[in-house]
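Peer 1: Sharing a structure, written as structure tokens. Questions coming.
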């Protein structure tokens, strides 16, 4: 019950996203759709996920539009600073929602820990969150990237994505139905 209330609260915040995308014959807030895709993948990838991981997965991009990428330098350093700022913002936003719903300190702290990408490759839940992020990217956003970037850049992006994933994540990614063009890119990147 409380988990459902939290997810609905995250949806309310993300529904304010001014960026709308086409989905199933209508328009939906970009980050609201992203949250739903993340949740769907979590249920497929780790259906027994605990509440803190579920909260972190669903709120991965909560109100992301409030800190636009262009407000940081358009280089690697600016990208890293932007991502660090976002991680802290997401963690603080989620904590404010969960406090209002009387979540315990431990659950809030764990969700914040996961949202800040701590413990990657060492903590199972951190790795699960990262795998889900990568799986959502591959299934729903990689083809869009492919239309905008050179093959060389795409192969680099896929290699970096692949390195972030676990073996279980790799197996799940290879089972996603993708266009032939995207499959070829992935094969080039991982071979």
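The values are calculated or read from the model by the stated rules, or taken from the named source; none is laboratory data. The structure presented is a predicted model; accordingly, all values stated were derived computationally and were not measured. Here the Cβ positions follow ideal geometry from the backbone for every residue, glycine too, while neighbour counts run over all protein chains shown.
Peer 1: Anything in the stretch 61-95 that is closer than 14 Å to residue 9 by Cβ and surrounded by fewer than 12 Cβ atoms within 10 Å (Cβ to Cβ)? List them, or say none.
Peer 2: none
Peer 1: Does any residue in the stretch 1-16 that is free of Cβ contacts under 8 Å to residues at least 40 places away in the same chain come within less than 6 Å, Cβ to Cβ, of a residue that is not in a helix (DSSP H, G or I) six or more places away or on a different chain, and which pairs are these?
Peer 2: Qualifying pairs under 6 Å: 15/29.
Okay, residues lined up against (1) within 19 Å of residue 129 (Cβ to Cβ); (2) surrounded by 12 or more Cβ atoms within 10 Å (Cβ to Cβ); (3) in contact (Cβ under 8 Å) with a residue 40 or more places away in the chain:
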| site | (1), (2), (3) |
| --- | --- |
| 143 | no, yes, no |
| 161 | yes, yes, no |
| 167 | yes, no, no |
| 171 | yes, no, no |
| 175 | no, no, no |
| 178 | no, yes, yes |
| 182 | no, yes, yes |
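Peer 1: Within the stretch 102-124, how many residues are more than 11 Å from residue 51 (Cβ to Cβ) and outside any loop (DSSP other than H, G, I, E, B)?
Peer 2: Total satisfying the criteria: 7.
Peer 1: So, residue 155, is that one assigned to a loop (DSSP other than H, G, I, E, B) and not assigned by TED's automatic domain parsing to the domain that holds residue 24 or not?
Peer 2: In short, no.
Peer 1: Considering (1) at positive phi; (2) out of contact with any helix residue (DSSP H, G or I) (no Cβ under 9 Å at 6 or more places or on another chain), say which one residue 4 fails and leave the rest.
Peer 2: Result: residue 4 fails condition (1) only.
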